[in-house]
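Below: one structure, written as structure tokens.
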Amino acid sequence: MARENENQIHAMFFPYMAPGHMMPMVDMARIFAAAGAKVTIIITPMNALRIKNSIDRDVKSGRQITLEIISLPSSEVGLPQGCENFVSAPTREMCMKIFHAIELLQPKIKKLLSDYHPDCIVSDSLCPWTLDIANELGIARLAFNGSGFFNLCLSETLSRYEPHKNITSDTETFVVPGLPDEVKLTRSQLPDIVKGRNKFSELFGKLKESEKKSLGVLMNSFYELEPAYADHCRNVLGIEAWHIGPVSLINRDINDKVERGENTSVSKHDCLSWLNVKKPRSVLYICFGSLTRFSKKQTTEIANALEASGHSFIWVVGKVFKTSNDELKDEEQELWLPQEFEEKMKEKGQGLVIRGWAPQVLILEHEAIGGFLTHCGWNSILEGVVAGVPFVTWPIFAEQFYNEKLVTQVLNLGVSVGNEVWKAWATEDSPNIKTANDILVAIDAVMGNTQESIDRSKRAKKLGELAKRSIEEGNSSYNDVKRLIEDIRMHKNSK
Ligand code: UDP
């Protein structure tokens, strides 16, 4: 596809192969194309199928996007054919194999960049090696790390000042120094990599360094969500960043919303007709992202809490994992819920269970949704913010505890279930199972009719309006997309 004119920039995107990274990055690529850039997305065959329909619709509407399909070296690392995304990797060993296969793509990426010579490569931060290739070829590199300004500021401050090293116990609360707000954490909520060196320390160090040496960082955020942290990041930490989100808002067509990510396990018709008969703001939506798994025991506690709450709900149920006491067959892992729970909830009209993949963005924006019980993945937080709903927070791993603190301590938009312990993998329970009562108390606080919950819902609604406005002409994210494209153009012309 030829460029329309010499002034048009050509951006190549190399999304990481996990839904929480790939989906926002593909949305970003579509935002670039909507802003007039020529875009190429480097992607593997199975992942291409996940995005093809949306891209075809964009192309029909005149945007310049092409897919450059490359195969993953599956046999070299012992991966089954077609397993090209963390969401389809059943074990952590398989996830590590995908990770290695992505590393082995370096020569292919180098060849593509050298053949196309785009004006910039947008790379996931998890691939720090794209910086070396970009530098060698004289191409600007932009980093995408999948989270927000608050997380960037918090993790950078923790690594500079190490406040967690001055406390005596894992459960003692400490304040993170030098941030715009008083943010409190415990050591047990910190990722292992922050607490001490481990096998990922080297990668993490490289990743941070390559973010700083890039032209800048692309943020899936909007200024009004975390203004003090956007300013802190740029002015105090000295990191160049553009906020161009919430990127999920590029999905305006109902089919884009329904087809985003995996094939959904429920039809949009079933989902919407179930929601359409519910009162506004009366339904709790529960989803723990694309990777979290719970045991049978924890799943039972959640089910008991939902039933006892009496609130209507949509629960996206993932696979349960086996503990040493279980004798579950593989197919039972997919299907497991306490006996007759689903039927009972269906009969009472209280709950809709979705096993597998839900059209999250479509569900959240329905006026019947009044709260979101979430694992605090950044995409889920932003999608809930756009929908204008308050949160019940239940972080598990990655940077999810940091995101929780933004929601509960800074924005005052959520109530925590009270998980205190970070886990290295999303496929293990915390040592302290959350009881039905813990969960119920947090759900009631958000979904109840107290003045506090009414005020929280109002704040959420107001922020949702700001989120939607930020991408409209003349507003914060719209302006930062323009500034970004201009910065890339200036970088290109300076060479
Ligand atoms: N998602 C979805 N349907 C599901 C589960 C997840 O559409 O059933 C989407 C969700 O909308 C979000 C992404 O998957 O965009 C999950 O990203 P997040 O950062 O919230 O969590 P992660 O999966 O990375 O832990």
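Numerical summary
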quantity	calculated
Estimated D of the chain in µm² per second, where Rh is the Kirkwood radius over Cα pairs and Stokes-Einstein applies at 25 °C, 0.890 mPa s	105 µm²/s
Percent RCO, i.e. relative contact order, over the stretch 215-305, from Cα pairs under 8 Å lying at least 6 residues apart	22 percent
Residue order, fewest to most surrounding Cβ atoms within 10 angstrom, among Val392, Val385, Val417	Val417, Val392, Val385
Value of relative contact order over the chain, rounded to a whole percent, pairs C-alpha under 8 Å and six or more apart	15 percent
Members of Lys97/Lys208; Lys212/Lys482; Lys206/Lys492; Lys278/Lys423 lying beyond 28 Å, as alpha-carbon distances in this model show	Lys278/Lys423
Ratio of the Cα radius of gyration of the stretch 367-495 to 2.2 N^0.38 Å, where N counts its residues	1.31
Relative contact order (%) - criterion: Cα under 8 Å, at least six apart; region: the stretch 1-122	29 percent
Residues Ser114 and Lys279, FRET efficiency given R0 of 45 Å [Cβ-Cβ distance, rounded to 0.05]	0.15
Förster-model FRET efficiency, 60 Å R0, Arg57 and Glu172, C-beta, rounded to 0.05	0.70
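Only the coordinates and a few stated rules stand behind these numbers; no lab work does. Predicted model only: the values in this text are computed from it and were never measured. Don't worry about glycine lacking a Cβ; one is built from the backbone with ideal geometry, like all the others, and counts go over all protein chains shown.
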